[in-house]
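The values are calculated or read from the model by the stated rules, or taken from the named source; none is laboratory data. Keep in mind the model is a prediction, meaning the values are calculated, not measured. We place every Cβ from the backbone using ideal geometry, glycine too, and count neighbours over all the protein chains shown. With ligands, DNA and RNA removed, areas are computed over all heavy atoms of the protein, side chains included. Shrake-Rupley method; radii C 1.70, N 1.55, O 1.52, S 1.80 Å.
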Amino acid sequence: MRLPKLGLIAGGGQIPALIRDACRAEGRPVFIAALNGFCDPATIADTDHAWFDLPQVGGLLKALKAAGAEEVCLCGRVAKPDFSALKPDWTGALLLPRLIKAALVGDDAILRVVVETFEREGFRIVGADALVRDLLVRERQYGAIAPTPAQQADLGVALQAARHHGAADKGQAAVAAQGSVVGLEDDAGTDALLQRMAGQPEARGGVLVKCVKPQQDRRVDLPTIGVTTVEQAAAAGLAGVAVEAGAALMVDGAAAARAADRLGLFLIGLPHGG
């Protein structure tokens with residue numbers, strides 16, 4: 001059976017390389033559109049590719065079509081740009097007013113504009129979890145450590161806060177400690193949230209929860225964690241990390257579980273919608 005060629009729009013982190021490897025393993029042809037300043041150069045090794053700046057929308061679409069891509073996956077870490085500093089091509093310039101308007105709402109609104117643009121050009125959008133199924137978090141305890149009853153209560157507080165925050169398109173993560181919310185993710189992301197928590201005594205012993213925004217397109221920007229998340233949570237003095245099963249990604253779950261055990265944290269997949 002012929003597999004459709006994938007156009008992999010690659011930001012930072014490990015997930016683009018994992019998808020590349022999965023495509024190779026199943027014999028799916030892939031073209032990588034690597035984003036300057038984000039994609040690791042090692043990701044495009046021995047792979048059909050081209051480099052693009054964020055505002056080069058027209059060039060990107062043209063390259064995807066020339067490569068014969070039928071499906072598109074947007075994956076990897078990308079920081080929200082300074083729109084005033086962008087130098088778009090013609091297509092990007094036409095799209096820019098919609099993106100700026102969407103940015104006033106939040107990241108999910110920006111991604112909806114991006115997804116609509118690719119679909120209007122005839123590409124099918126596929127999620128990272130559809131390409132590498134092992135990435136999807138399962139409802140389970142990873143590692144040997146389980147949350148205490150008090151930490152379970154904090155998980156409930158953080159989950160409710162993260163969902164409320166996500167519904168406003170403000171972020172996907174929250175930290176709770178001793179029954180109170182002590183931190184919420186903003187545009188800077190989860191890493192920055194955890195770095196802020198490291199300087200907050202009230203966060204010590206708390207929990208981090210990441211969950212999908214209720215309204216978001218689950219083919220793009222699913223909550224993602226990995227070893228670095230666990231290490232940063234430990235550095236912030238947190239007791240554990242939880243993510244929503246079936247609606248979040250975990251890069252190398254076995255390594256993340258080992259890191260959690262080594263650092264004395266729990267790591268769990270919360271019931272989806274629970």
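Provide a single number: the residues in the stretch 21-56 that are closer than 24 Å to A248 by Cβ, touching a strand residue (DSSP E or B) at 6+ places or on another chain (Cβ under 6 Å) and assigned to a helix (DSSP H, G or I). So the count comes out to 2.
Among the residues of the stretch 128-147, is there at least one that is surrounded by fewer than 15 Cβ atoms within 10 Å (Cβ to Cβ), of a type in the set (S, T, Y) and either at pLDDT 95 or above or over 22 Å from I15 (Cβ atoms) (or both)? The answer is no, given that none of the residues of the stretch 128-147 is surrounded by fewer than 15 Cβ atoms within 10 Å (Cβ to Cβ), of a type in the set (S, T, Y) and either at pLDDT 95 or above or over 22 Å from I15 (Cβ atoms) (or both).
Please verify whether the stretch 36-44 includes one or more residues that are touching a residue at least 40 places away in the same chain (Cβ under 8 Å) and open to solvent by 40 Å² or more (accessible area, probe 1.4 Å). Yes; the residues of the stretch 36-44 include at least one that is touching a residue at least 40 places away in the same chain (Cβ under 8 Å) and open to solvent by 40 Å² or more (accessible area, probe 1.4 Å). Within the stretch 94-112, the set of residues being more than 17 Å from the chain's Cα centre (by Cα) and either surrounded by 14 or more Cβ atoms within 10 Å (Cβ to Cβ) or in a helix (DSSP H, G or I) (or both) comprises L94, L95, L96, P97, R98, L99, I100, K101, A102, A103. Among residues of the stretch 222-244 that are farther than 17 Å from R204 by Cβ, those with a beta-carbon under 9 Å from a residue that is hydroxyl-bearing (S, T, Y) at least six positions away or on a different chain give the pairs P223/T190; T224/T190; I225/T190; T229/T190; V243/T224; V243/T229. For the stretch 159-205, filtered to residues that are closer than 14 Å to T229 by Cβ and in contact (Cβ under 8 Å) with a residue 60 or more places away in the chain, the residue that is most open to solvent (accessible area, probe 1.4 Å) is G189.
Could you go through the stretch 236-244 and let me know if any residue there is within 15 Å of the chain's Cα centre (by Cα) and either part of a helix (DSSP H, G or I) or among the basic types (K, R) (or both). So far as the stretch 236-244 goes, no, none of its residues is within 15 Å of the chain's Cα centre (by Cα) and either part of a helix (DSSP H, G or I) or among the basic types (K, R) (or both).
Once the stretch 79-93 is narrowed to residues that are open to solvent by 50 Å² or more (accessible area, probe 1.4 Å) and within 14 Å of V57 (Cβ to Cβ), the residue that is modelled with the lowest pLDDT is K87. The set of residues in the stretch 260-274 being touching a strand residue (DSSP E or B) at 6+ places or on another chain (Cβ under 8 Å) and among the hydrophobic types (A, V, I, L, M, F, W, C) consists of A260, L265, F266, L267, I268, L270. Considering every residue within the stretch 62-75, establish whether at least one is closer than 27 Å to A248 by Cα, at pLDDT 85 or above and assigned to a loop (DSSP other than H, G, I, E, B). Among the residues of the stretch 62-75, at least one is closer than 27 Å to A248 by Cα, at pLDDT 85 or above and assigned to a loop (DSSP other than H, G, I, E, B), which makes the answer yes. Would a scan of the stretch 228-248 turn up a residue that is at pLDDT below 95, among the hydroxyl-bearing types (S, T, Y) and buried (at least 23 other Cβ atoms within 10 Å of the Cβ)? So far as the stretch 228-248 goes, no, none of its residues is at pLDDT below 95, among the hydroxyl-bearing types (S, T, Y) and buried (at least 23 other Cβ atoms within 10 Å of the Cβ).
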